[in-house]
Amino acid sequence: MNLRKHLRDKPEAHSSALNDILFILLLFFLVISTLANPNVVKVTTPKAASDTKAKQTVVVSIDSTQRMFVGTHSTLPDSLQPAIQAIVAKSQDVEPTVVINADEKANAKSIIAVMVAARALHLRTVMAVDNDKR
């Protein structure tokens, strides 16, 4: 009869290093996902039945108080054309496109000012809209 206790160690996986690695990966993906969205000016875009896919060379946002943003920088209507031209000069796009990201409450005068500035630079303009299919 064997009355001795068996003092065997139970196999145990140490996961403290894995927790650190997973936390770093999660943090990395969160930071990258916030940098991937270039439209940081929050506007409610109008609805449309269809949408047009265009490469976004320059994004001009107009908020509900008629303030204009070229990219993320606030711009006056008078200096809109030089601001667009500076971004187009930095990009190496063959066919640069100006995407107008206007709020529902933006008036036509602001939108037309962006279109006139883009037209003077011989650029194509596209209006960003929400897809109405819900």
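Residues that are open to solvent by 90 Å² or more (accessible area, probe 1.4 Å) and either under 13 Å from S61 (Cβ atoms) or touching a residue at least 60 places away in the same chain (Cβ under 8 Å) (or both) within region 75-104 comprise just one, E104. When the residues of region 8-22 are filtered to those that are open to solvent by less than 100 Å² (accessible area, probe 1.4 Å) and part of a loop (DSSP other than H, G, I, E, B), which remaining residue is modelled with the highest pLDDT? Checking each candidate, the answer is S15.
The values are calculated or read from the model by the stated rules, or taken from the named source; none is laboratory data. Please read all numbers here as calculations on a predicted model, not as lab measurements. Note: ideal-geometry Cβ built from the backbone for every residue, glycine included; neighbour counts use all protein chains shown. Surface areas here come from the heavy atoms of the whole protein model, side chains and all, with no ligands, DNA or RNA. Shrake-Rupley method; radii C 1.70, N 1.55, O 1.52, S 1.80 Å.
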